[in-house]
Amino acid sequence: MQQQQTFAAHSTTEADIDTDIRLLDSVCVNESHLTHPWWHNLKYSLIGIAFGIVFVKAEIVSWFRIQEMFRLQSFHMYGVIGSAVVVGMLSVALIKMFRLKTIYGEPITLHPKTFNKGQIFGGLLFGIGWAFTGACPGPLFAQIGAGATVVLITLLSAIAGTWVYGYLRDKLPH
Amino acid sequence: MQELLMFLSQPWPWYVAGPLIGLTVPILLFIGNKSFGISSSLRHICAACMPAKLPFFNYDWKKEVWNLFFVAGIFVGAIIATFLLSNPNPITVAPALQAELAQYGISNYTNLLPLDLFNWQSLLTLRGFILTVVGGFLVGFGTRYAGGCTSGHAIMGLSTLQIPSLIATICFMVGGFIAANFLLPFILSF
């Protein structure tokens with residue numbers, strides 16, 4: 001009950017529980033309370049397509065580029081991530097400064113993350129997986145599209161890893 | 001037109017790709033108030049296909065379906081880039097890395113992944129299994145445990161000046177450095 005009151009901004013109890021669960025990791029929160037027909041989601045596919053093209057053409061999904069990054073043999077990946085962060089930071093600063101709204105007129109909301117030990121333990125484990133596969137979750141989809149069909153197994157294994165985390169969640173230190 | 005295609009077919013430099021990826025942050029916020037993050041898609045797939053009454057997967061995944069449309073787009077975009085804008089030349093790789101990989105019999109630079117390691121036959125070898133299956137498991141388990149991946153923490157999290165995301169990003173890099181420099185030489189020698 002205490003927790004539900006924290007999310008008093010939402011109208012129904014069902015939505016409260018929903019948001020509560022989704023806030024467990026704040027990456028996974030959909031703040032828009034508008035409902036749209038399903039095909040409105042195709043705009044995200046268009047952004048995804050552009051993203052996938054950049055991923056492949058700039059070789060961000062390349063196992064070789066990731067190995068070079070972790071061996072300090074190339075600046076490429078540091079340049080990509082660094083410049084992406086700078087552009088993202090500037091954009092977010094402008095959005096905050098001018099209190100910009102979405103194309104539907106809703107105020108843009110950002111979600112603070114809270115620290116837990118998972119960011120350390122999980123971060124280290126993901127880092128190892130990143131070096132092994134040469135991919136983070138996004139590039140997995142791109143590597144399959146780029147013709148390395150065996151990465152489908154890597155993707156299924158990543159889904160299994162996510163599921164096992166959900167299963168063990170209460171027993172893991174956070 | 002032909003020249004434009006030729007131009008686009010070359011590998012793109014970091015100062016083109018990085019800013020384009022950074023722009024995804026405001027674009028997703030503008031078109032639907034979405035926080036950039038990709039690893040959540042794996043969680044939604046679990047929630048949709050096998051929630052198994054686990055509280056972590058019992059939420060209305062349909063509200064997050066945009067994320068699945070987004071990753072489907074990444075898949076299609078990769079197909080377009082690979083088959084319509086394909087780079088005719090082998091992948092350029094740092095000479096030091098080439099020399100190291102040659103010791104383990106890796107010499108195929110035709111794909112973005114070394115096909116000597118990542119193919120259906122190698123899946124049954126010890127090193128192929130560790131890189132593909134164990135690596136994939138660590139990606140899925142680790143990102144969810146950390147609450148995000150390179151997109152959610154390193155790009156979205158750092159863009160919004162979150163300290164937890166900085167900690168997570170440092171740990172991604174530390175894990176990767178250890179794996180690439182100390183674990184991989186051992187695994188590749190199998």
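The values are calculated or read from the model by the stated rules, or taken from the named source; none is laboratory data. Note that this is a predicted model, so its numbers are computed, not measured. With ideal geometry, Cβ positions are generated from the backbone for all residues, glycine too; neighbour counts draw on all protein chains shown.
Overview of results
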read-out	value
Within region B:119-161, tally of residues that are assigned to a helix (DSSP H, G or I), small (Gly, Ala, Ser) and in contact with an Asp or Glu (Cβ under 9 Å, 6 or more places away or on another chain)	3
Region B:167-177, subset among the aliphatic types (A, V, I, L, M) and facing chain A (nearest Cβ under 7 Å), residue surrounded by the most Cβ atoms within 10 Å (Cβ to Cβ)	B:Ala168
Sole exception among (1) touching a residue at least 24 places away in the same chain (Cβ under 8 Å); (2) under 22 Å from A:Ala135 (Cα atoms); (3) at the interface with chain A (Cβ under 7 Å from one of its Cβ atoms); (4) surrounded by 18 or more Cβ atoms within 10 Å (Cβ to Cβ) for B:Gly32, by number	(2)
Helices (runs of 4 or more DSSP H) within region A:62-156 that include 1 or more residues touching a Ser or Thr at 6+ places or on another chain (Cβ under 6 Å) and farther than 19 Å from B:Gly77 by Cβ	A:63-70, A:76-97, A:118-133
Considering residues of region B:1-59 that are among the small types (Gly, Ala, Ser), under 30 Å from A:Lys101 (Cβ atoms) and assigned to a helix (DSSP H, G or I) only, the residue farthest from the chain's Cα centre (by Cα)	B:Gly32
Which listed residue is more than 26 Å from B:Gly18 (Cβ to Cβ), among the aliphatic types (A, V, I, L, M) and touching a residue at least 40 places away in the same chain (Cβ under 8 Å), from B:Ile155, B:Ile187	B:Ile187
Test: residue in region B:61-72 that is assigned to a loop (DSSP other than H, G, I, E, B) and crowded, with 17+ Cβ neighbours inside 10 Å	no
Conditions (1) on the phi > 0 side of the Ramachandran plot; (2) modelled with pLDDT of 95 or more; number of the one not met by B:Lys53	(2)
Residue in region B:120-129 that is at the interface with chain A (Cβ under 7 Å from one of its Cβ atoms), surrounded by fewer than 24 Cβ atoms within 10 Å (Cβ to Cβ), in contact with a Lys or Arg (Cβ under 8 Å, 6 or more places away or on another chain) and not aliphatic (A, V, I, L, M) present	no
From B:Gly148, B:Gly136, residue being of a type outside the set (S, T, N, Q) and in contact (Cβ under 8 Å) with a residue 60 or more places away in the chain	B:Gly148
So B:Ala96, is it at the interface with chain A (Cβ under 7 Å from one of its Cβ atoms), assigned to a helix (DSSP H, G or I), without any contact (Cβ under 8 Å) to a residue 12 or more places away in the chain and over 24 Å from A:Gly161 (Cα atoms)	yes
The listed residue being more than 7 Å from chain B (Cβ to nearest Cβ), at pLDDT 95 or above and either crowded, with 22+ Cβ neighbours inside 10 Å or within 19 Å of B:Ile155 (Cβ to Cβ) (or both), out of A:Leu90, A:Leu168	A:Leu90
Cβ pairs under 6 Å, 6+ apart, first in region B:55-79 and more than 7 Å from every other protein chain (Cβ to nearest Cβ), second in a helix (DSSP H, G or I) and surrounded by fewer than 20 Cβ atoms within 10 Å (Cβ to Cβ)	B:Trp61/B:Ala48
Which listed residue is more than 7 Å from every other protein chain (Cβ to nearest Cβ) and part of a helix (DSSP H, G or I), from B:Pro164, B:Pro185	B:Pro185
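Residue by residue, here is whether (1) farther than 25 Å from B:Asn67 by Cβ; (2) at pLDDT 95 or above; (3) of a type in the set (D, E, K, R) holds:
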residue: A:Cys28; (1), (2), (3): no, no, no
residue: A:Glu31; (1), (2), (3): no, no, yes
residue: A:Pro37; (1), (2), (3): no, no, no
residue: A:His40; (1), (2), (3): no, no, no
residue: A:Tyr44; (1), (2), (3): no, yes, no
residue: A:Val54; (1), (2), (3): no, yes, no
residue: A:Val61; (1), (2), (3): no, yes, no
residue: A:Ser74; (1), (2), (3): yes, yes, no
residue: A:Gly79; (1), (2), (3): yes, yes, no
